[in-house]
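Okay, handing you the structure first.
The values are calculated or read from the model by the stated rules, or taken from the named source; none is laboratory data. These numbers were taken from a predicted model, which means no experiment stands behind them. Every residue, glycine among them, receives a Cβ derived from its backbone with ideal geometry; neighbour counts consider all protein chains shown.
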Amino acid sequence: MNEAADRFDSPPPAEAAPPESAAQTTNPEPQCAASNATPPDRVHAGFRRGKSSWREMFALAFALAGWMVPGLGHALLGRWGRAVGFFLAVGGLAVTGLLLSGYLFTPQSGDAFGTLGFLSEAGAGVFYFAGRFIESAGPNLARASGEIGTRFIATAGIVNLLAVLDAFEIARGRRY
Amino acid sequence: MHAAFAHVGHFATMLLFGLFVSVALACLTRRTAAERVRYAIRTFLLFILIGVAIAWIMYPISR
């Protein structure tokens, strides 16, 4: 009898409400949480955004490390096989180019080809700067091997830039 | 050291170039070590083959 009276004393709008709201009234806790807190989709989006910005920063740091020392970016990511391979390939190209008396472009070369040459060679990172430090006498362009050496050093830089991009993409999670 | 490399011929430099670039490309494009070794060997052989073929094609032009 009391149960029937309670049922009939309940307010009519609650009974006339659609089934979804009726389900919410039976369990009011989620409704309160949803009304007070930020919507779940925004929370997850913000969390994802924050996480990805950290990831981007680490990816940039790994890329910078990989540019300075070829293969270091992959080594920091735990990709030891690629790290050793890139170090050997870039180092071999750069050292062979230096031994063949290749030309090391400077930032103040004065023309577009010189600037492009500098950008490609500087991609070799520590090998370029070591070459600049060692080769104080300048290039030997009197021999054909000097021209070939220049191509070797430039190729070392380009290959290392590809490795840097690879490490960056791996650190971002977009590449295995 | 420079003197030793001053007399390295074009073919030897091509071999060195092909070797290093093949290793780099294999590291870039293949995942497992076995795949990388196979790819590097194949690319290196193609470097030599195509280099020699281009040299023979250019030979009549250079004379």
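Can you name the residue in the stretch A:133-149 that is touching a Ser or Thr at 6+ places or on another chain (Cβ under 8 Å) and assigned to a helix (DSSP H, G or I) and, of all such residues, is modelled with the lowest pLDDT?
A:SER145
Could you check the stretch A:70-95 and list, in sequence order, the residues that are facing chain B (nearest Cβ under 7 Å), surrounded by fewer than 23 Cβ atoms within 10 Å (Cβ to Cβ) and within 21 Å of A:PHE152 (Cβ to Cβ)?
Result: A:LEU88, A:GLY92.
Here's the yes/no breakdown for (1) more than 15 Å from the chain's Cα centre (by Cα); (2) among the hydroxyl-bearing types (Ser, Thr, Tyr); (3) surrounded by 14 or more Cβ atoms within 10 Å (Cβ to Cβ); (4) part of a helix (DSSP H, G or I):
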{"position": "B:ALA12", "(1), (2), (3), (4)": "no, no, no, yes"}
{"position": "B:GLY18", "(1), (2), (3), (4)": "no, no, yes, yes"}
{"position": "B:LEU25", "(1), (2), (3), (4)": "no, no, yes, yes"}
{"position": "B:ARG36", "(1), (2), (3), (4)": "yes, no, yes, yes"}
{"position": "B:ARG42", "(1), (2), (3), (4)": "no, no, no, yes"}
{"position": "B:MET58", "(1), (2), (3), (4)": "yes, no, no, yes"}
